[in-house]
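Since every read-out is calculated from the coordinates, none of them should be taken as a lab result. Note that this is a predicted model, so its numbers are computed, not measured. Cβ placement follows ideal geometry from the backbone for every residue including glycine, while neighbour counts extend to all protein chains displayed.
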Amino acid sequence: MGLLDRWLAPSLPRIEGAGVVLRLPQERDYEAWRSLREASRGFLTPWEPLWTADELSRRAFRQRLLRYRQDARERSAYTLFLFEAATGTLLGGITVGQIRRGVAQSCTLGYWMGEVHAGSGWMYRAVEALKPFIFEVEGLHRIEAACLPSNERSIRLLEKSGFRREGYLRNYLKIAGHWEDHHLYSHLAEDRTRPGAAPRLQREAQRGSVDRRTDA
């Protein structure tokens, strides 16, 4: 664990699912993250906001860590890296963002996958692992996801995960430098099923019981 990680080391989510682990990024993840993103540039950029000139720099990564930790402390968003449990290989990332409490009790879901790992079911496992955290631990009622109509991979993922298409959002997000229409999908707490092995949240070893905040 690096100096920045020790300084910012609250108890934060570590989530396990079927062969996957989700946790907040740490300084030591930089090289793996940079390599995976760089190798997947052509695969990812059609679906993301324009990359900045220093998109993959260590300085930009450290700034992201600061923001991710602050968001998690405030329980306003959780940006997590996705790893293969057996090998520790970084596969991609997933964000539970724009968490709204009060009468809404909702959040938005976003994700990215390294090209070499795409199409192998890893992101589906990650989404399934997150559902108990979102609905049971954070107590939210609704997950929303916006998807470009041309992103067939993402559409298949959302539909396989039980999301329902609710509407069409005109010029909703600026993707690759252009305002793009999106489909709106949602998944509600009452829509849940229990496919396969139930994922679980891990706490710090010295505590040994389920809690909202666990050691990264």
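The tail of the calculated P(r) for segment 3-190 beyond 24 Å holds 38 percent of all Cα-Cα pairs. Taking a sphere under 13 Å around the Cβ of residue 50 and counting the other residues whose Cβ falls inside, with K and R at +1 and D and E at -1, yields a net charge of -2.
Kindly state, to the nearest 0.05, the FRET efficiency for residue 58 paired with residue 190, given R0 = 45 Å and r defined as their beta-carbon distance.
The computed FRET efficiency comes out at 0.55.
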